[in-house]
Amino acid sequence: MHDTLHRLFGFKAWADDQLLTTLAGLGDNSPVTALAIKALSHTYVVDRIFAAHLRREAHAYPSANLSEMPALAALAADLRRSDREYIDYVSTLDPAQLAERIDFAFTDGAPGRMSREEMLMHVVTHAAGHRGQVSAVMLLHSAPPAKDGFTAYLHEAEAPARRRVCMLSPAERTQLRQLQA
């Protein structure tokens, strides 16, 4: 499961980056941008809440939603940093740590108990759902959505192993290598 989680968090970082880059190209005045910031800031907050749960630490979020929305550039920097932290974190876990169940409280005060593996899977699937929402809004506004497929990620990240020529520009290759490191 360790390799799978590492791949899934590499994919999450890549897909988040693809979407953030696409949104930056739309600009702040796009009708998509404000809705995307709302969805992605929620994703970021949930990522940080579960990062605290995984480490058995307190977090400062009274809700899974921010009361004030950040600028896209600030959110992008925070989300990319959070993705990097998750990639680093999953690299340190052994099977016993993944299976360990952790008690915590949801933001509404309800008690929760999940294994680290379950929490990590929640973070990955939760983010994918919200990226999908943003992609749907982009399509409704005739804006082409960002690449968000696990297969696209694998064939870019592991092009030689997939017997595929990498079609990325040199700058995109560098960026992908940085996400994977």
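Overview of values
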item: Criterion (at pLDDT below 85 and among the charged types (D, E, K, R)) met by exactly one of Asp94, Asp148; result: Asp148
item: Any hit, segment 7-23, residues being over 18 Å from Tyr89 (Cα atoms) and either open to solvent by 70 Å² or more (accessible area, probe 1.4 Å) or aromatic (Phe, Trp, Tyr) (or both); result: yes
item: Lone unmet requirement of (1) in contact (Cβ under 8 Å) with a residue 24 or more places away in the chain; (2) open to solvent by 70 Å² or more (accessible area, probe 1.4 Å); (3) at negative phi; (4) not in a helix (DSSP H, G or I) for Arg56; result: (3)
item: For Thr43: the one exception among (1) within 28 Å of Thr174 (Cβ to Cβ); (2) surrounded by fewer than 19 Cβ atoms within 10 Å (Cβ to Cβ); result: (2)
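This table checks each residue for (1) touching a Cys at 6+ places or on another chain (Cβ under 8 Å); (2) touching a residue at least 24 places away in the same chain (Cβ under 8 Å); (3) not in a loop (DSSP other than H, G, I, E, B).
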| residue | (1), (2), (3) |
| --- | --- |
| Thr21 | no, yes, yes |
| Gly25 | no, no, yes |
| Asn29 | no, no, no |
| Val32 | no, yes, yes |
| Lys38 | no, yes, yes |
| Thr43 | no, yes, yes |
| Arg48 | no, yes, yes |
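The values are calculated or read from the model by the stated rules, or taken from the named source; none is laboratory data. On a predicted model such as this, the values are computed, not experimentally measured, just so you know. Backbone-built Cβ (ideal geometry, glycine too); neighbour counts: all protein chains shown. Note: accessible area is taken over every heavy atom of the protein model, side chains too, but ligands, DNA and RNA are not part of it. Shrake-Rupley method; radii C 1.70, N 1.55, O 1.52, S 1.80 Å.
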